[in-house]
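Notes follow the structure.
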Amino acid sequence: MLANIPPGIPFLVKRLPQLLFPPAVAFVLLHFARAAGYELSTWIATIFYIFSFPVVFTISLMYAAIDNRLAAARDGMEGRLNTIGPTFNPKLLFRDMLFTFEPSHIKALLATQARGFRKRCVSMFNSLLGSGVFAVDVDDSDASCRFHRSITRPFFTKDRVTHFDIFDRHADDAIAKMKARFKARMRCRFPGMCNDVVSRFTLDSATEFLFGHSIGTLSDPLPYPSSHTGTINFTTQTETFSARISRAFTDAQVATSRRGHLGAMWPLMEFWKDDVKETMQPVHEFLEPIMKEGVRRAKEAKSAQSEESKMGLAEEHETLLDHLMEYTDDPILLRDEILNLAVAGRDTTASLLTFTVYMLSQHPQILSRLREEILTAIGPSRRPTYDDLRDMKYLRAVLNETLRLYPPVQSNKRTTFPPIKPGDKPIFIPSGTVYALVTYWITLYSHRLFRCIYTVSVMHRREDLWGPDASTFDPDSISLRNPFIFLPFNAGPRICLGQQFAYNESSFFIVKLLQKFDTIDFQVNQTSLNSSTPSLDSTSAAAGSEKVADKVQIKSHLTMYIADGLWLKMGESAAEDI
């Protein structure tokens, strides 16, 4: 019953004492004034009540500022930075934030002092991620986080053969779709928002990997460019079930990202209706029978289970759902865990593949060299193995360089408790942060209010860390002498579980793609070209790098993507039998 309560009501109930505190203070003061013999008219009392809110809020901010300075002084850190540098504390409209793209500080956030930096405000992700691994806060005695990661880790071993079987089937389907489109002399699109080749490949692969069924998005028609008039536009065609599921994933992430901009105030914008929950309804309807069938199979298997079987060891042809059934038969927990990995499995890898192909289209000499490595190591038609991918150093360098310039998750946030001193002086981070807008009815007048944001996309383009050509795509130059200057997969206890899976999937698809095609030509999309939204390279300018203009419009919800897609034409290899 509680699950059906709209988010605005519990938000207000939880903060009712905070809302009542200012008028309560005003009431007490007015009572003492009248007891002292002062007769105050009703309109004066009304004004007093109204102004009690901003007065109490202002006093709380002043107290917080003074208390933070004194706390820093007690640690010998009263000096201020002479320049902004890689860590700074801007204040805008009562919003107190801390930004950093300093490796030693990010190392403290993610690894050495991870227990002191919490995710907090995870309620905004609950409608999308539920109680899955990505929605668990690192401060939950670490037990919950360890449980979620331990039950999925055996399924992400680096050399599971079944992963490659899945990649092979869906890569062949995706490339066949692309070849048919190119033969028709039309452009093909890599992922924008949804319904695109690579996001279909990653979603179909992820769903088969997770519960044994591909959702089948690659069986749907590909989209057409907005300038194409020879065929009915894809957006006007009847939406298939698989396309509806794919769109639901994307729309839910956009809505969740919108909550992130509002911070703790988001329930007020969705007071009577949970937008994300409504958007995810098709996904839940799709997963519900799969979860029930999985629970039924697990119970049957458990009754016939031999004494020699051991929990925690993922069998070769077992799906992740089958593996999770060894730990729980709760359909909600199973659904949430599957959804967490499906979201990560589709969008992060699709982002990496999109920007890798984009960079190859801009650097034909790198494309030629990479293709030469592929043909030398594997040939024009053989399926790559794990050992093949492991030995292809230039392919890994190309992927890493793409991750450096275009990390799928550009930045993240943490909350501090207790006060933290990451790295060297004079940086001091007070206890408690504001995850979003600081307003009196949210903060309960608590002091030491900070928002800690670490930005890997800026750190990856710092010239003092990567050299004067930090904004240039050059796979030969990537060097990881300090591993904490390169963090596309996060670090510490919450490092990405699927890191090796993502490398394998991306490498496999690039190999299959370049076995079939030897040229990649970027096609300007007029819709994105006319947009006034700046590209990601404004970030590199902020980091002090020479700005090199991107030819696409880059946006982000939970992950980074190219607005309206990456439109390309590819030339088939002469060695390929058509």
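No value in this document is a laboratory result; all are computed from the given coordinates. As the structure is a computational prediction, the values presented were derived from the model and not from experiment. Using ideal geometry, Cβ is built from the backbone for each residue, glycine included, and neighbour counts are taken over all protein chains shown.
Spin-label model, SER150/SER257: points 7 Å from Cα along the beta carbon direction are separated by 3.6 nm. Taking amide H atoms as placed 1.01 Å from N in the peptide plane, the amide H of THR519 lies under 5 Å from those of GLY571, each 5 or more residues away in sequence or on another chain.
Coupling constants for the range 281-294 follow from the phi torsions by the Karplus curve (6.51 cos²θ - 1.76 cosθ + 1.60, θ = phi - 60°), and in residue order they are 4, x, 5, 5, 5, 5, 7, 4, x, 5, 5, 5, 5, x Hz; glycine and proline get x.
Annotation for LYS273 and SER381: the two label points, set 7 Å from Cα along the Cα-Cβ direction, are 5.5 nm apart. Extending 7 Å from the Cα toward the beta-carbon at both HIS213 and ALA24 defines two label points whose distance is 5.3 nm.
Between TYR327 and ASP474, the C-beta separation translates, for a Förster distance of 41 Å, into a calculated FRET efficiency of about 0.35.
A cut-off of 5 Å between modelled amide H atoms, ignoring neighbours fewer than 5 places along the same chain, links TYR561 with LYS555, SER556.
With neighbour counts taken as other beta-carbon atoms within 10 Å, the residues VAL197, VAL25, VAL56, VAL456 rank, fewest first, as VAL25, VAL56, VAL456, VAL197. Amide H contacts for LEU222 (H built 1.01 Å from N in the peptide plane; partners 5 or more residues away or on another chain; cut-off under 5 Å): none found.
Counting neighbouring beta carbons within 10 Å and listing from fewest to most, the residues GLU270, GLU318 come out as GLU318, GLU270. Full extension of the chain between TYR394 and ASP168 gives 79.2 nm of extra length, using 0.36 nm per residue less the Cα-Cα distance.
Restricting the trypsin sites (Lys or Arg not before Pro) of the range 242-286 to loop positions (DSSP other than H, G, I, E, B) with no more than 11 neighbouring Cβ atoms within 10 Å leaves LYS273. For the peptides 27-35, 380-388, the ranking by mean Cβ contacts within 10 Å, running from highest to lowest, is 380-388, 27-35. Sorting MET280, MET186, MET325 by the number of Cβ atoms found within 10 Å of their own Cβ, with the fewest placed first, yields MET186, MET325, MET280.
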